[in-house]
Amino acid sequence: MLRQALLGVSRSSTIKNLAVHAPLTRQVVQRFVAGEDAADAVAATGSLAAAGLLTTIDRLGEDTTDRAQADGVAGAYGDLLRLLTEDGLTPKAEVSVKLSALGLLLGPDGPRIARANAERICHAARNAGTTVTLDMEDHTLTDATLDVLRELRRDFPDTGAVLQAYLRRTEADCRDLARAGSRVRLCKGAYAEPPTVAFTDPAEVDRSYVRCMKILVAGQGYPMLATHDPRLVEIGRYLVRDHRRQPDSYEFQMLYGVRSAEQQRLARLGHQVRVYLPYGSDWYGYLVRRLAERPANLTFFARSLVSRS
Ligand code: FDA
């Protein structure tokens, strides 16, 4: 309930203004976001690499409303990939991109514009010796995102997909994508979705996650198990052992600032662990989704809002 309500009010521009300008909001943001600039993301990537962790870097921003902005996002990813290469951080670092940031919602031409921008990023990533993963947004964009993925994979077969276990369709999508060479990140899903398309009971979402994980781990592809849920991590560890997967044939993934000790513990046990590392000034939507995942985060955030008045 609280999660749905929070994700709902996140669309209010009044709440957004209040949150963005509250002085203590910064402290909450810093926990989940590496900084405002690409250099901040590169520095955080270096520290994580020194601790034996891989990264996937997200330049924050979504729902781009004009063409120049969408093209600018692709350019910014190119700059980031150059900085990572200069610092010798690829292929340990890859990038995650949202198609809505690359122009997917710009009317009838949106899918074409987003695909062209995603191709520019894939080229830059290939030159840098690394990969791109397409984040998954709300369910109205699932088909369009998977369409762009299929097109990109013709030239860039290592482009990663994200599937959300809360969607009723996802088991079928897992079967479709569990093919040789196919990199698939499985997460629970972070948006407010109607029961017509998504499981809303957390226990049902967990059961779906396990079914999807079984398909991906048993399949020919490269599963990226993105969850902080201790039970699901343990089931994932059991499944990869049971299927005799080599450590370089799958990854665990977690968010920057969430269960950092567990990230290091899994890496010490010999698993590849990749941290999803966001940076940039457009952090509001990302932050609200992180708060909605864990009510305890809200207390800290609420204090920051109250301190403003
Ligand atoms: P769950 O939310 O049940 O959390 C399990 C436990 O983990 C909690 O009890 C708590 O201890 C800890 N935890 C989880 N979230 C926390 C938080 N924000 N703060 C503090 N503790 C927290 N979603 C999406 O829709 N599209 C996408 O492309 C992606 N991409 C993505 C990449 C990666 C690498 C990860 C890890 C996650 C995503 N997600 C995502 C987000 C995902 O869908 C989901 O919302 C979060 O991972 C939280 O779900 P958990 O599986 O961690 O379980």
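Name the single residue that is farthest from Glu62 (Cα to Cα) among those in the range 232-287 being among the acidic types (Asp, Glu) and touching a residue at least 40 places away in the same chain (Cβ under 8 Å). Break it down stepwise before answering.
Just the residues of the range 232-287 that are among the acidic types (Asp, Glu), to begin with: 234, 242, 248, 251, 262, 282.
Checking the rest, the ones that are also touching a residue at least 40 places away in the same chain (Cβ under 8 Å) come to 251, 282.
Details: Glu251: 26, Asp282: 8 Å.
By that ranking, first place goes to Glu251.
Scan the range 19-67 residue by residue and report those that are of a type in the set (Gly, Ala, Ser), closer than 12 Å to Trp283 by Cα and at pLDDT below 90.
Within the range 19-67, the first condition is being of a type in the set (Gly, Ala, Ser), and the residues that meet it are 19, 22, 34-35, 38-39, 41, 43-44, 46-47, 49-52, 61.
Now restrict to residues that are closer than 12 Å to Trp283 by Cα: 19, 34-35, 61.
Residues satisfying the conditions are Ala19, Gly61.
Test Arg112 against the stated conditions and say whether it is surrounded by fewer than 16 Cβ atoms within 10 Å (Cβ to Cβ) and in contact (Cβ under 8 Å) with a residue 40 or more places away in the chain. Show your work before the answer.
Values: surrounded by fewer than 16 Cβ atoms within 10 Å (Cβ to Cβ): yes; in contact (Cβ under 8 Å) with a residue 40 or more places away in the chain: no.
For Arg112, the condition - surrounded by fewer than 16 Cβ atoms within 10 Å (Cβ to Cβ) and in contact (Cβ under 8 Å) with a residue 40 or more places away in the chain - is not met.
Of all residues in the range 253-279, which are within 15 Å of the ligand (Cβ to nearest atom), in a loop (DSSP other than H, G, I, E, B) and out of contact with any Leu (no Cβ under 7 Å at 6 or more places or on another chain)?
Gly257, Val258, Arg259, His271
Among the candidates Thr133, Thr142, single out the residue that is hydroxyl-bearing (Ser, Thr, Tyr), within 13 Å of the ligand (Cβ to nearest atom), surrounded by fewer than 22 Cβ atoms within 10 Å (Cβ to Cβ) and closer than 24 Å to Glu171 by Cβ.
The conditions single out Thr142.
Listed here are the residues, each with its yes/no results for (1) touching a Pro at 6+ places or on another chain (Cβ under 7 Å); (2) more than 18 Å from Pro157 (Cα to Cα); (3) basic (Lys, Arg).
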| residue | (1), (2), (3) |
| --- | --- |
| Leu83 | no, yes, no |
| Leu89 | no, yes, no |
| Arg112 | no, yes, yes |
| Ile121 | no, no, no |
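State yes or no: is Thr227 surrounded by fewer than 21 Cβ atoms within 10 Å (Cβ to Cβ), polar (S, T, N, Q) and at negative phi? I'd like the intermediate steps shown before the answer.
On the way: surrounded by fewer than 21 Cβ atoms within 10 Å (Cβ to Cβ): no; polar (S, T, N, Q): yes; at negative phi: yes.
Considered against the rule, which asks whether it is surrounded by fewer than 21 Cβ atoms within 10 Å (Cβ to Cβ), polar (S, T, N, Q) and at negative phi, Thr227 comes out as no.
Output the number of the condition that Arg289 fails; it satisfies all remaining conditions of (1) surrounded by fewer than 22 Cβ atoms within 10 Å (Cβ to Cβ); (2) within 9 Å of the ligand (Cβ to nearest atom); (3) not hydrophobic (A, V, I, L, M, F, W, C); (4) not in a helix (DSSP H, G or I).
Evaluating Arg289 over (1) surrounded by fewer than 22 Cβ atoms within 10 Å (Cβ to Cβ); (2) within 9 Å of the ligand (Cβ to nearest atom); (3) not hydrophobic (A, V, I, L, M, F, W, C); (4) not in a helix (DSSP H, G or I) leaves (4) as the failure.
Go through Tyr238, Tyr250 for me and flag whichever is more than 10 Å from the ligand (Cβ to nearest atom), modelled with pLDDT of 95 or more, over 21 Å from the mean Cα position of the chain (by Cα) and of a type in the set (Phe, Trp, Tyr). Step through it out loud before you land on a result.
Details: Tyr250 fails: over 21 Å from the mean Cα position of the chain (by Cα).
Every option except Tyr238 fails the conditions.
With respect to the numbered conditions (1) assigned to a loop (DSSP other than H, G, I, E, B); (2) surrounded by fewer than 17 Cβ atoms within 10 Å (Cβ to Cβ); (3) not charged (D, E, K, R), which one is the sole condition not fulfilled by Gly75?
(1)
Hey, any hits in the range 64-73 for a residue that's in contact with a Pro (Cβ under 8 Å, 6 or more places away or on another chain) and either touching a residue at least 12 places away in the same chain (Cβ under 8 Å) or over 18 Å from Val258 (Cα atoms) (or both)?
Scanning the range 64-73 turns up no residue that is in contact with a Pro (Cβ under 8 Å, 6 or more places away or on another chain) and either touching a residue at least 12 places away in the same chain (Cβ under 8 Å) or over 18 Å from Val258 (Cα atoms) (or both).
What number goes with the only condition from (1) in contact with a Lys or Arg (Cβ under 7 Å, 6 or more places away or on another chain); (2) over 21 Å from Asp135 (Cα atoms) that Gly221 does not pass?
Gly221 satisfies all of (1) in contact with a Lys or Arg (Cβ under 7 Å, 6 or more places away or on another chain); (2) over 21 Å from Asp135 (Cα atoms) except (2).
It is to be established whether one or more residues within the range 107-128 are at pLDDT 95 or above, out of contact with any strand residue (DSSP E or B) (no Cβ under 9 Å at 6 or more places or on another chain), within 16 Å of the ligand (Cβ to nearest atom) and within 28 Å of Asp40 (Cα to Cα).
Yes, some residue in the range 107-128 is at pLDDT 95 or above, out of contact with any strand residue (DSSP E or B) (no Cβ under 9 Å at 6 or more places or on another chain), within 16 Å of the ligand (Cβ to nearest atom) and within 28 Å of Asp40 (Cα to Cα).
How many of the residues making up the range 214-235 are in contact with a helix residue (DSSP H, G or I) (Cβ under 9 Å, 6 or more places away or on another chain), in a loop (DSSP other than H, G, I, E, B) and more than 16 Å from the ligand (Cβ to nearest atom)? Steps first, answer last, please.
Step one: of the range 214-235, the residues in contact with a helix residue (DSSP H, G or I) (Cβ under 9 Å, 6 or more places away or on another chain) are 214-219, 221-225, 227-233, 235.
Next cut, in a loop (DSSP other than H, G, I, E, B) only: 219, 221, 227-229.
Restricting the remaining residues to those that are more than 16 Å from the ligand (Cβ to nearest atom) gives 219, 221.
So the answer is 2.
Output the residues belonging to the range 78-106 that are within 16 Å of the ligand (Cβ to nearest atom) and either touching a residue at least 60 places away in the same chain (Cβ under 8 Å) or within 25 Å of Glu251 (Cα to Cα) (or both).
Lys92, Ala93, Glu94, Val95, Ser96, Val97, Lys98, Leu99 - these are the residues of the range 78-106 that are within 16 Å of the ligand (Cβ to nearest atom) and either touching a residue at least 60 places away in the same chain (Cβ under 8 Å) or within 25 Å of Glu251 (Cα to Cα) (or both).
The values are calculated or read from the model by the stated rules, or taken from the named source; none is laboratory data. Just so it is clear, the structure is predicted and the values come from calculations on it, not from any experiment. Cβ sites come from the backbone with ideal geometry, for glycine too, and all protein chains shown count toward neighbours.
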